[in-house]
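Q: My questions will all concern the structure given below.
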């Protein structure tokens, strides 16, 4: 470490220039990284949705109807004209309307009323369309231009388009709110007006390089694009604070800035390494998720933590030595209030703190495992055009979600029986298949391809199933399960379903399995890092109990408030909160261990609380601010839920480290001494 630090200091100008070049290149490179909003792409290869989508792409020109378009106050003929115009829009692969399920040459009064009112009701026409993935913004804009202000769009395509449009704006709003707050928090914690800019520059450079290196991945998920940069900034800002605070301390002991920086790098290296390692290995657990949105975010965060660590240990020392005179010129008096006395207060509350936490811990653990979850993007806020459109369509026609079933082509009799059984299912409003739309007695070979291509490919038969339910929940998932069971009865594992509700059902099944793997890996990897750091069996357990308690209490709140939680957010935050906030416990315990070698447990705890509460509160305030600002600014339910959970989780972790951890360290002092290698704890004579 000594020789590396000396080289960095010697070649400080070259280091700053190299990092500046990489930052510029990365800033340009990130413009060529595409963002993927399609959740199907992140499902594992063995999921039904994934297999069925591949077959659809290879065998059929049309895809699954994923959007509903309503045109108000039109006659049947006008509606048919709109259908033609919608079909002509580039990117709309299929338009299904009343004429596809009912013969319009006969009076509507003679047709099935439920079927008719699915598509045409009170002079409102509702079209079910398939929108090409990747071009949702351009296609929905073209639809709005066609249908005007009185028309409405609802469904997967408009939700995706709205999220894409808002992503850039919301990131900008988040940055505008976040940067001043972080600067304010850092100004309070330092004695120089310009020092916070050094922190932000060091971490900002690593964030930009991380975003630019995503060009080697080709694309990132919308969750990664929205969450990773801000989360990287919040989690790794502590590394820069550790280094520069240490540098300031050594400046008081030596007049040579380079010597002070060399000593600061050596002293802060173990603390920064331990802090980065727990976060690094915690985020690695996310990369093992089979639902690859989690692994995509995990890979970016792991890469980000590594780059932040390098930036703080290489770039920040070089930058500081070039500009340290500005730090001297912009000194201000300390704004830090005295925390002396907080230790005595906390120590007096140690028994009530323990009793209170353990009283709510079991209910919290049970509650967080019984929370109701959602798995998709959900609907847009009512204040947006997409949100108000959804309400308009729902009021006029109710909810509706289409599915597509693919079965092997060839056996007309079996297909007829299958369709009849599907039509008898609850919540199914219509089934569109060759055998009931054209007729099972007419061989497809005798008809024009324009008619048969809608239903048949070379190897598969395509059946469109319309339901009167939403995309997810107990009933929609039971419909998916029933359809899959019926298809399996006739065709075994060759019958495949797809559609938004099927995708969400697959996500549900995938992430439920991911939950166990990710949580176990997170706890085990962090425990190993803590074991190596503290050379103790008991200290990792104490620290993990402290932070895991905060995680369980955080995740139990939706259950007690009777609100549903986006599962992807729940799964990611159960890892991220533990990985990001265990640093508070490490910082506290390292100081306690140091003082415990010189004084009794009680005195060591009081001194640690008096000295470290402020430092921990600064870290918690930054991470909490990041979380709450993500929650406030994002209209994307997944990103918003991650923000809320992160903001609340950081505050809970702070409370646990300040109140529960000292109590545990005091109560378990003798046990910790016996289970820690070369503890060398002070003993009163």
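Q: Looking at the range 220-241 only, could you name the residues that are part of a strand (DSSP E or B) and buried (at least 24 other Cβ atoms within 10 Å of the Cβ)? Walk me through how you get there before you give the answer.
A: Initially, the range 220-241 is screened for residues part of a strand (DSSP E or B), giving 220-221.
The one that is part of a strand (DSSP E or B) and buried (at least 24 other Cβ atoms within 10 Å of the Cβ): 221.
Q: Only one residue in 366, 316 is under 30 Å from residue 202 (Cβ atoms) and out of contact with any strand residue (DSSP E or B) (no Cβ under 8 Å at 6 or more places or on another chain). Which one? Before the answer, list the steps.
A: Numbers: 366 fails: under 30 Å from residue 202 (Cβ atoms).
The conditions single out 316.
Q: Residues that are within 30 Å of residue 386 (Cβ to Cβ) and either out of contact with any helix residue (DSSP H, G or I) (no Cβ under 8 Å at 6 or more places or on another chain) or in the same structural domain as residue 123 (by TED's automatic domain parsing) (or both): list the helices (runs of 4 or more DSSP H) wholly contained in the range 1-89 that include at least 1 such residues.
A: Details: elements: 2-10, 12-29, 48-59, 76-88.
Result: 48-59, 76-88.
Q: What residue, among those in the range 290-300 that are touching a residue at least 60 places away in the same chain (Cβ under 8 Å) and surrounded by fewer than 24 Cβ atoms within 10 Å (Cβ to Cβ), is farthest from residue 9 (Cα to Cα)?
A: Restricting to residues being touching a residue at least 60 places away in the same chain (Cβ under 8 Å) and surrounded by fewer than 24 Cβ atoms within 10 Å (Cβ to Cβ), the top hit is 290.
Q: A further question on this structure: Looking for whichever is over 30 Å from the mean Cα position of the chain (by Cα), at pLDDT below 85 and not assigned by TED's automatic domain parsing to the domain that holds residue 115 here; the options are 413, 441, 419. Which one fits?
A: Values: 413 fails: at pLDDT below 85; 419 fails: at pLDDT below 85.
441 is the lone residue from the list that is over 30 Å from the mean Cα position of the chain (by Cα), at pLDDT below 85 and not assigned by TED's automatic domain parsing to the domain that holds residue 115.
Q: A follow-up question, please. From 23, 50, 67, grab the single residue that is buried (at least 18 other Cβ atoms within 10 Å of the Cβ) and more than 29 Å from residue 467 (Cβ to Cβ).
A: Numbers: 50 fails: more than 29 Å from residue 467 (Cβ to Cβ); 67 fails: more than 29 Å from residue 467 (Cβ to Cβ).
Criteria check complete, one pass: 23.
Q: Which one of these is touching a strand residue (DSSP E or B) at 6+ places or on another chain (Cβ under 9 Å), touching a residue at least 12 places away in the same chain (Cβ under 8 Å) and surrounded by 22 or more Cβ atoms within 10 Å (Cβ to Cβ): 551, 529, 566? Please lay out each step first, then the result.
A: Values: 551 fails: touching a strand residue (DSSP E or B) at 6+ places or on another chain (Cβ under 9 Å); 529 fails: touching a strand residue (DSSP E or B) at 6+ places or on another chain (Cβ under 9 Å).
It is 566.
Q: In this structure, is residue 297 at pLDDT 85 or above, over 20 Å from the mean Cα position of the chain (by Cα) and either over 25 Å from residue 37 (Cβ atoms) or assigned to a helix (DSSP H, G or I) (or both)?
A: Working: at pLDDT 85 or above: yes; over 20 Å from the mean Cα position of the chain (by Cα): no; either over 25 Å from residue 37 (Cβ atoms) or assigned to a helix (DSSP H, G or I) (or both): yes.
No; evaluated as a whole, the condition is false for this residue.
Q: Could you say which residue among 287, 279 is surrounded by fewer than 21 Cβ atoms within 10 Å (Cβ to Cβ) and within 33 Å of the chain's Cα centre (by Cα)? Outline the logic, then answer.
A: Details: 279 fails: surrounded by fewer than 21 Cβ atoms within 10 Å (Cβ to Cβ).
It is 287.
Q: Continuing with the same structure: Here is a list: 404, 480. Which entry is under 24 Å from residue 95 (Cα atoms), modelled with pLDDT of 85 or more and out of contact with any strand residue (DSSP E or B) (no Cβ under 6 Å at 6 or more places or on another chain)? Before you say what the answer is, go through the steps one by one.
A: Values: 404 fails: out of contact with any strand residue (DSSP E or B) (no Cβ under 6 Å at 6 or more places or on another chain).
Just a single option satisfies the conditions, and that option is 480.
Q: If you don't mind, another one. Quick check on residue 210: is it buried (at least 23 other Cβ atoms within 10 Å of the Cβ), in contact with a strand residue (DSSP E or B) (Cβ under 8 Å, 6 or more places away or on another chain) and touching a residue at least 60 places away in the same chain (Cβ under 8 Å)? If you could, list the steps in order and put the result at the bottom.
A: On the way: buried (at least 23 other Cβ atoms within 10 Å of the Cβ): yes; in contact with a strand residue (DSSP E or B) (Cβ under 8 Å, 6 or more places away or on another chain): no; touching a residue at least 60 places away in the same chain (Cβ under 8 Å): yes.
It is false that residue 210 is buried (at least 23 other Cβ atoms within 10 Å of the Cβ), in contact with a strand residue (DSSP E or B) (Cβ under 8 Å, 6 or more places away or on another chain) and touching a residue at least 60 places away in the same chain (Cβ under 8 Å).
Q: Let me ask another. Taking the condition modelled with pLDDT of 90 or more and either within 26 Å of residue 99 (Cα to Cα) or touching a helix residue (DSSP H, G or I) at 6+ places or on another chain (Cβ under 7 Å) (or both), does residue 377 pass? Explain how you work it out, then say what you get.
A: Values: modelled with pLDDT of 90 or more: no; either within 26 Å of residue 99 (Cα to Cα) or touching a helix residue (DSSP H, G or I) at 6+ places or on another chain (Cβ under 7 Å) (or both): yes.
Judged against the criteria, residue 377 is not a match.
Q: Restricting attention to the range 117-149, and to residues there that are over 30 Å from the mean Cα position of the chain (by Cα) and modelled with pLDDT under 85, which single residue is farthest from residue 433 (Cα to Cα)?
A: Residue satisfying both the conditions and the ranking: 117.
Q: Give the residue, chosen from 615, 634, that is in contact (Cβ under 8 Å) with a residue 40 or more places away in the chain, surrounded by fewer than 22 Cβ atoms within 10 Å (Cβ to Cβ) and on the phi < 0 side of the Ramachandran plot. So that I can check it myself, show each step before the final result.
A: Details: 634 fails: surrounded by fewer than 22 Cβ atoms within 10 Å (Cβ to Cβ).
Just one listed residue meets the conditions, 615.
Q: Now, a different point. Collect the residues in the range 499-519 that are touching a residue at least 60 places away in the same chain (Cβ under 8 Å) and loosely packed, with under 14 Cβ neighbours inside 10 Å, keeping them in residue-number order.
A: Of everything in the range 499-519, those that are touching a residue at least 60 places away in the same chain (Cβ under 8 Å) and loosely packed, with under 14 Cβ neighbours inside 10 Å turn out to be 513, 517.
Q: Answer with yes or no whether residue 668 is in contact (Cβ under 8 Å) with a residue 12 or more places away in the chain, over 25 Å from the mean Cα position of the chain (by Cα), farther than 30 Å from residue 564 by Cβ and buried (at least 20 other Cβ atoms within 10 Å of the Cβ). Lay out the reasoning, then the answer.
A: On the way: in contact (Cβ under 8 Å) with a residue 12 or more places away in the chain: yes; over 25 Å from the mean Cα position of the chain (by Cα): yes; farther than 30 Å from residue 564 by Cβ: yes; buried (at least 20 other Cβ atoms within 10 Å of the Cβ): no.
Criteria not met by residue 668.
The values are calculated or read from the model by the stated rules, or taken from the named source; none is laboratory data. Bear in mind the structure is a predicted one, so any value in this text is a computation, not a measurement. Neighbour counts are summed over all protein chains in view; Cβ atoms, including those assigned to glycine, are modelled from backbone coordinates with ideal geometry.
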